[in-house]
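Let me begin by presenting the structure, written as structure tokens, before commenting on it.
The values are calculated or read from the model by the stated rules, or taken from the named source; none is laboratory data. Since this is a predicted model, take the numbers as computed values, not measurements. Heads up, the Cβs are rebuilt from the backbone with ideal geometry, glycines too, and the neighbour counts pull from every protein chain shown.
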Amino acid sequence: MARPSHCLPAGMSGRTVMPIWSFTALRAPSTCPTPTSLVAWVEASGRDKDIKPLEDWTHPFGISNQESPNGPRANYRTAGLADMVMALIEGRDARCSLERSLHGIDVMTSILKSGEEGRFIELTTTCTQPEALGIEEAQSLLR
């Protein structure tokens, strides 16, 4: 069940907090920046519900590879397509499978509907969690 939340107030944890979406997954709530804001950290909580910043790590898709009017940015939009091709070659499930894409749309539209109607919305889809895209696998997609 998607559980939308209001934006966190400024000054939380001694910092200025920009607008975020907050959602609850099956195991732990997490927060992430909206696409229109820029936040320098991502926070998540576990079963203890203590919100903590995630540790920084250097991922190949976090390296700037494109200049834009607002400065350098990491643009790896074709990574999903490259993963689909490799999934076909390797005979595995693609991370952006139809079931996961449909579930993502179900989550997003349920968040909107929940906001409009002021109630929790039961999701109509489910999917398996894909394998994480690790550093070595991401680097192999860049070749």
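Below, the figures for the structure above:
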{"item": "Candidate set from segment 111-128 (those that are surrounded by 13 or more Cβ atoms within 10 Å (Cβ to Cβ) and under 16 Å from the mean Cα position of the chain (by Cα)); member that is nearest to residue 140 (Cα to Cα)", "result": "127"}
{"item": "Residues (in a loop (DSSP other than H, G, I, E, B) and farther than 26 Å from residue 132 by Cα) located in segment 58-75", "result": "69, 70"}
{"item": "Test: residue in segment 121-130 that is farther than 25 Å from residue 44 by Cβ, touching a strand residue (DSSP E or B) at 6+ places or on another chain (Cβ under 9 Å) and not in a helix (DSSP H, G or I)", "result": "no"}
{"item": "Hits in segment 87-110 (condition: surrounded by 13 or more Cβ atoms within 10 Å (Cβ to Cβ) and among the small types (Gly, Ala, Ser))", "result": "87, 94, 97, 101, 104, 110"}
{"item": "Filtered residues of segment 51-86 (kept if hydrophobic (A, V, I, L, M, F, W, C) and either loosely packed, with under 14 Cβ neighbours inside 10 Å or within 21 Å of the chain's Cα centre (by Cα) (or both))", "result": "51, 54, 57, 61, 63, 74, 79, 81, 82, 84, 85"}
{"item": "Count of segment 101-125 residues which are in contact (Cβ under 8 Å) with a residue 24 or more places away in the chain and of a type outside the set (A, V, I, L, M)", "result": "7"}
{"item": "Total residues in segment 28-85, condition among the β-branched types (Val, Ile, Thr) and either touching a Cys at 6+ places or on another chain (Cβ under 6 Å) or modelled with pLDDT under 85 (or both)", "result": "6"}
{"item": "Answer residue from segment 129-143, given it is more than 16 Å from the chain's Cα centre (by Cα) and among the charged types (D, E, K, R) and is surrounded by the most Cβ atoms within 10 Å (Cβ to Cβ) among those", "result": "137"}
